[in-house]
Amino acid sequence: MVANTSRLAHHCAIVTGASSGIGLAIAEGLAAAGCAVAVNYHSHAEAAQELVDRIIDQGGRAIAIQADVSKEADVIRLFDEAAKAFKRVDVLVSNSGIQKDAAIADMSLDDWNAVIDLNLTGQFLCAREAVRRFRGQPMNGRPARSAGVIITMSSVHESIPWAGHINYASAKGGVHMFTRTLAQEVAADGIRVNAIAPGAIRTPINKDAWESDEELSKLLRLIPYGRIGEPEDVAKAAVWLASDEADYITGTTLYVDGGMSLYPEFRNNG
Ligand code: NAD
């Protein structure tokens, strides 16, 4: 890794939920592009520290910070600790998310609230803190064009309805409008805000859908491109969105889904 000549060498990022899956791959991708990374984790301290050690071994900069991003005080502390370690915060990748699936008649209020609290309110708490920091910190001769970048982790279910997952789909639908509204509100501050909407990516959150050959072949029927996504597919998109190469892009959702949102059932004349 040649950190100081890389495209994000002057940036510091917070990636939430980075001890596994998509968040882990994004943290690695940002670090490989020269970015200092605060690896947020909720409960897997060991996995987060392993990632930090790996990044540092490869010449990068990283620290692990525990925080429950559905809790206001935790989020403020997360930003304080990241800013203390790296002097500034330039990129937020608000990736943490959970599923607690049930048909509506069987869904408890606790399971509804848990998903909304993390997947939607967590986006609000992290983005609010990011905007406050981005506005408050000088550019210090930093060559980047934007004053800060926020990437929210949405899902194809920000637009595809998903029976049996009404809490999750409602939260991701909320993330869609949250991202667009925030982008409109802070564009004049030089802050860019975009969402990534992954399709089916091979991570712990959806293990049941790819672990057995039978489930995987059912899943592949929904993916025109013919393969499940890997966390690195999403990481590459996030690194690009964080960089000045995406400088004129704000308020949009980048689908990383192998065509899952293209109504695959209509491939054969509907
Ligand atoms: P994952 O389960 O590996 O990642 C979720 C992460 O969120 C974990 O690291 C977990 O520790 C963290 N987390 C859980 N509760 C938290 C809390 N209270 N505070 C902070 N962090 C917390 O699964 P993933 O697939 O990598 O999911 C990452 C994001 O991508 C989620 O927002 C998910 O909705 C979204 N997504 C995933 C897919 C997919 O197919 N895997 C598709 C669309 C969207």
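Observations on the model:
- There is at least one residue in segment 69-79 that is within 16 Å of the ligand (Cβ to nearest atom) and of a type in the set (Gly, Ala, Ser).
- Within the set GLU215, GLU232, GLU185, the sole residue that is open to solvent by 60 Å² or more (accessible area, probe 1.4 Å), more than 15 Å from the ligand (Cβ to nearest atom) and not in a loop (DSSP other than H, G, I, E, B) turns out to be GLU185.
- Qualifying residue in segment 139-153 (condition: part of a helix (DSSP H, G or I) and either in contact (Cβ under 8 Å) with a residue 40 or more places away in the chain or more than 9 Å from the ligand (Cβ to nearest atom) (or both)): no
- When ALA73 is tested against (1) in contact (Cβ under 8 Å) with a residue 40 or more places away in the chain; (2) within 13 Å of GLU129 (Cβ to Cβ); (3) not charged (D, E, K, R), only condition (1) is not met.
- Top-ranked residue of segment 223-248 - restricted to ones that are of a type in the set (D, E, K, R) and more than 13 Å from the chain's Cα centre (by Cα), ranked as nearest to ILE191 (Cα to Cα): ASP247
- Meets criteria (among the hydroxyl-bearing types (Ser, Thr, Tyr), touching a Ser or Thr at 6+ places or on another chain (Cβ under 8 Å) and open to solvent by less than 20 Å² (accessible area, probe 1.4 Å)) for THR253: no
- In segment 109-135, residue surrounded by the most Cβ atoms within 10 Å (Cβ to Cβ) [restricted to those that are more than 16 Å from the ligand (Cβ to nearest atom) and under 21 Å from ASN194 (Cα atoms)]: PHE134
- In the set ASN167, ASN206, ASN269, only one residue is at pLDDT below 95 and at negative phi; that residue is ASN206.
The values are calculated or read from the model by the stated rules, or taken from the named source; none is laboratory data. The shown structure was predicted, so the numbers you read here are calculated from the model rather than taken from an experiment. Here Cβ is always computed from backbone atoms with ideal geometry, including for glycine, and neighbour counts include all displayed protein chains. What goes into the accessible areas is simple: the full protein's heavy atoms, side chains included, and nothing from ligands, DNA or RNA. Shrake-Rupley method; radii C 1.70, N 1.55, O 1.52, S 1.80 Å.
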